[in-house]
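Everything on this sheet refers to the single structure shown next.
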Amino acid sequence: MLTPDQIAIIKATAPVVAQHAERITSVFYPLMFERYPEVREVFNQAHQHGGSQPRALANAVVAYASNIDNLGALGAAVERIVQKHVSLNITPPQYQIVGECLLEAIGRVLGDAVTPEIGAAWTAAYWQLANLLIAAEEKEYRRKAELTGGWRGTRRLRVVRRAFESEVITSFWLAPVDNGPLMDFTPGQYLGLRLDIDGATVQRNYSLSDAPNGKTYRISVKREPGGLVSNYLHDRVQEGFEVDAFAPAGEFTLAQNSKPVVLLTAGVGQTPALPMLDRALAEGRQVIYLHAALNSAVHAFRKRVDSLATEHPNLRHVYIYSEPLPGDEPHYRGFVTPEILQRYAPADADIYFLGPKPFMVHVNRMLRDLRVAAERIRFEFFGPMEALD
Ligand SMILES: Cc1cc2nc3c(=O)[nH]c(=O)nc-3n(C[C@H](O)[C@H](O)[C@H](O)COP(=O)(O)OP(=O)(O)OC[C@H]3O[C@@H](n4cnc5c(N)ncnc54)[C@H](O)[C@@H]3O)c2cc1C
Ligand code: HEM
């Protein structure tokens, strides 16, 4: 527990830390990876180089310090971090490592400004947040272990089928090597995978792209140019391949209500929307499925969505192609526009969106311009949360 004096110190020094937050995290990560090379494998190094993970951590530290006397304000952000950590099996001893290196990085960047009192206050603040996350994560680990077909830590899954979905997306069906049941997940959640590729251990998240069925999980992976894991999966993973997986996690899920649902996706961002679509239809909700792709060559799952639309009068689907091929017949050509959104999105609908970052920025701006209330909007990033403004 922080003392009132420590709370006052955190509030007084938070603006200085905020000002230097990105420098602090850019000192922190190399320091941690050099001192504790074993934690390197849990982080996606592309997110380090692009700066998205250091920024996400810096933003979290700043948001936390600014709300030190009102932690309830952090609710959704904390849940997102907890889910991401759980999907990658983050453990308490790793908090020791992060704490040591983060506090040292603060000291290195701010120098003599960090008096012993300030250092002690930030140490206490770090551990207050760390303990909150550790407790919430432990609760999740236990809950998943107790579910039918659930587990804790890694479980060996085997690829039992793979299928071409588009020129760039391939699906993989995974079943437990132990032949036991597989826990149900909430549509929209993702799996954490740990792979050994040419001697290096790497971890990645993949959304579950088909409804839960107790026996297999499906992931659908886009080949990223220059991407380590996606190319490995596409080029070297066939039926029979085994991989370590952590239990599904994630908070990009349907809000529990009966409102209409708009699922607005681009490219491989479609993956979590597919089980969400199944679930919303099963609940009898009105669904508007808007999908943007370059053209038919890279448009995955079209047959599936088309056939659902013929079976369910409450599903409206709209395809938008920015670079249609000769013979392509999308509903619209170009990009998603405010007119398309206004035409199809019911005024009371919840809107879920996901796609490449430029698409996310564009959609976020449109929704803001259309004055859609923030509580009606949810989105996911295929990486650490980034600012959309
Ligand atoms: C919650 C969540 C759900 C996801 N769901 C899906 C999904 O359903 N389907 C899917 O396909 N993906 C999904 N992803 C993304 C997935 O986790 C991977 O990030 C993606 O497959 C790319 O991984 P990779 O190893 O192939 O590429 P990486 O090796 O991570 O590289 C990514 C990009 O960064 C570039 N890069 C790598 N290293 C460097 C460097 N040092 N300097 C500069 N550039 C570099 C690469 O060239 C490449 O373009 C999801 C991610 C999250 C967080
Ligand atoms: C108080 C301590 C911590 C805070 C405030 C914190 C904060 C965050 C935040 C904000 C994210 C991004 C979430 C998202 O938007 O998806 C994240 C992701 C992550 N965190 Fe933590 N974290 C802490 C401790 C740890 C520890 C101890 C580890 C393990 C070494 C860890 C490993 C990770 C990993 C691997 C990711 C995903 C990174 C990626 O996608 O590249 N974190 N954390």
Item to complete: Calculate the translational D of region 261-379 in whole µm² s⁻¹ from Stokes-Einstein, where the hydrodynamic radius comes from the Kirkwood formula applied to all Cα pairs, the temperature is 25 °C and the viscosity 0.890 mPa s.
Response: 171 µm²/s
Fill in: Angle between the chain longest axis and helix 302-311 axis [Cα atoms, degrees, rounded to 10]
70 degrees
Worksheet item: Any idea what the relative contact order of region 333-389 is, in percent, if you count C-alpha pairs under 8 Å spaced at least 6 apart?
Response: 44 percent
Worksheet item: Which of Arg371, Arg142, Arg285 moves most in a GNM of the chain, Cα contacts under 10 Å?
Response: Arg371
Practice prompt. Identify the residues of region 261-281 with backbone N under 13 Å of a label point that sits 7 angstrom from the Cα of Asp328 along the Cα-to-Cβ direction, or state none.
Written response: 267
Discussion item. Just want the ordering: Ser220, Ser209, Ser258, from fewest to most Cβ atoms lying within 10 Å of their own Cβ.
Written reply: Ser258, Ser220, Ser209
Worksheet entry | Full-extension gain in nm, Glu79 to His47, via 0.36 nm per residue minus C-alpha separation | 9.5 nm
Discussion item. Checking the a/c ratio against 1.5 first, then a/b against b/c, what shape does the Cα gyration tensor give for region 4-146?
Written reply: oblate
Worksheet item: Just how far, in whole angstrom, is region 1-40 from region 280-318 if you go by their alpha carbon centroids?
Response: 45 Å
Worksheet item: Placing +1 at every Lys and Arg Cβ and -1 at every Asp and Glu Cβ, with all other atoms neutral, what dipole size does region 155-249 have around its Cα centre, in debye to the nearest 20?
Response: 120 debye
Discussion item. Between helix 4-19 and the chain, what is the angle of the helix's C-alpha long axis to the longest principal axis, kept within 0 to 90° and rounded to the nearest 10?
Written reply: 60 degrees
Fill in: Mean ellipticity per residue at 222 nm, deg cm²/dmol - from DSSP H runs of n ≥ 4 across the chain, formula -39500 (n - 2.57)
-13500 deg cm²/dmol
Worksheet, complete the sentence: the chain: antiparallel bridges as % of DSSP beta bridges, rounded to 5, reads 55 percent
Fill in: Between helix 357-369 and the chain: long-axis angle, C-alpha atoms, 0 to 90°, nearest 10
90 degrees
Item to complete: Taking the Cα centre of the chain as origin, work out the dipole magnitude from +1 charges on Lys and Arg Cβ and -1 charges on Asp and Glu Cβ, in debye rounded to 20.
Response: 640 debye
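Quick note: the coordinates plus some simple rules give every number you see, no bench work behind them. What you are looking at is a predicted structure, and each value in this text was computed from that prediction instead of being measured. Note that we place each Cβ from the backbone using ideal geometry, even for glycine, and neighbour counts take in every protein chain shown.
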